[in-house]
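Shown next, in structure tokens, is the structure this report addresses.
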Amino acid sequence: MAVPIISAVMPHFNQSHLVSNAVMSILNQTIQDWELIIVDDGSEQNHWNKLRYALEQFNDSRIKMYSFEFNHGLVEARTYGNQLSQTEIIAVQDADDLSLPDRFEKCLKAIEDADVVIHGAYINMWDTKFNCITRKYLPPGNPDKKEILKGQNLTGWPIFRKNVWKEKPYRRETQYMYDWSFHLDWLLSGYTYKAINEGLYEYVRHENSASITFEKDGRRAKSREQIKTIMKKEYGQTIL
């Protein structure tokens with residue numbers, strides 16, 4: 001079997017009720033030369049069983065599932081998936097989100113003269129005031145060194161060259177804000193970015209979303225302090 005041109009890496013943890021939609025969004029890409037690597041991060045047994053059953057129904061050899069016996073965290077799962085990927089281009093995909101059909105096609109074209117491609121997304125979330133789902137556009141952000149020092153202003157679902165991650169891998173110690181951390185590392189190290197100001201991703205934000213959970217319990221705040229220390233020590237940069 002020929003090596004595909006892009007790998008989508010999707011960690012999974014107790015999201016078996018959502019993952020089929022995410023997988024379908026990859027199956028529906030206009031570019032079909034891909035592999036999907038799903039890393040189950042120690043899900044509860046019932047979720048693991050449902051995940052395995054769902055993937056068996058797709059019956060597609062491009063979909064590959066791996067699993068940890070115990071929960072290791074998002075960064076560990078993504079790192080493992082990246083290591084297993086066959087390709088030189090990797091797409092970040094979450095198990096509760098959707099890639100719009102032309103995401104891979106447009107990003108593969110854009111990455112021809114860049115190291116990292118970021119793009120806009122649509123945020124879908126439950127509005128408690130109006131009791132309905134709202135949808136708003138989230139622009140990709142400005143890939144500027146000064147701007148990224150002010151906070152995580154870039155969308156967290158990039159498509160990037162694997163060598164970028166190999167040289168500047170995700171930091172496990174900052175995993176609750178790991179997307180800000182890797183964007184800082186990559187921008188401050190001089191990797192080139194290209195931004196597509198178009199929604200190519202559907203971000204499904206719900207009360208059990210990791211970002212909401214980590215914000216509420218203070219883990220994101222702790223990661224932010226760790227990032228500030230790292231950026232000052234390694235790059236001489238002050239987080240504003």
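The values are calculated or read from the model by the stated rules, or taken from the named source; none is laboratory data. As the structure is a computational prediction, the values presented were derived from the model and not from experiment. Note: ideal-geometry Cβ built from the backbone for every residue, glycine included; neighbour counts use all protein chains shown. Note: areas computed on protein heavy atoms with side chains; ligands, DNA, RNA excluded. Shrake-Rupley method; radii C 1.70, N 1.55, O 1.52, S 1.80 Å.
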- Express in whole angstrom the spacing between the alpha-carbon centres of the stretch 26-72 and the stretch 85-146. 20 Å
- Counting sequence-distant residues (5 or more places) and residues on other chains, those with an amide H built under 5 Å from that of Glu198 are Gly120
- Message: Taking the alpha-carbon distance from Lys106 and a cut-off under 13 Å, which aspartates and glutamates remain once sequence neighbours fewer than 8 residues away in the same chain are dropped?
- Response: Glu198
- Query: How big is the accessible area of Phe130 in square angstrom, nearest 10, if you roll a 1.4 angstrom probe over the protein chains?
  - Reply: 130 Å²
- Answer rounded, prolate or oblate for the stretch 62-127, using the Cα gyration tensor with square roots of eigenvalues a ≥ b ≥ c: rounded when a/c is under 1.5, else prolate when a/b is larger than b/c, else oblate. oblate
- What shape does the stretch 115-240 have by the C-alpha gyration tensor, where a ≥ b ≥ c are the square roots of the eigenvalues, rounded means a/c under 1.5, and otherwise prolate means a/b greater than b/c and oblate the rest? oblate
- Item | Local electrostatic count, Gly236, Cβ distance below 13 Å [Lys/Arg +1, Asp/Glu -1] | +3
- Item | Under 5 Å, built H, 5+ apart or other chain: amide partners of Ile89 | Ser7, Lys162
- Karplus-derived 3J(HN,Hα), 6.51/-1.76/1.60, for each residue of the stretch 59-67, Hz, glycine and proline x: 6, 10, 5, 6, 9, 10, 10, 10, 8
- Message: Just to be sure I understand, if you calculate semi-axes √(5λ) of the Cα gyration tensor in Å for this structure, which of [x] 30, 22, 18; [y] 33, 23, 16; [z] 26, 21, 19 do you get?
- Response: [z]
- Subset of Lys162/Lys228; Lys146/Lys194; Lys194/Lys233 violating a 18 Å alpha-carbon distance limit: Lys162/Lys228; Lys194/Lys233
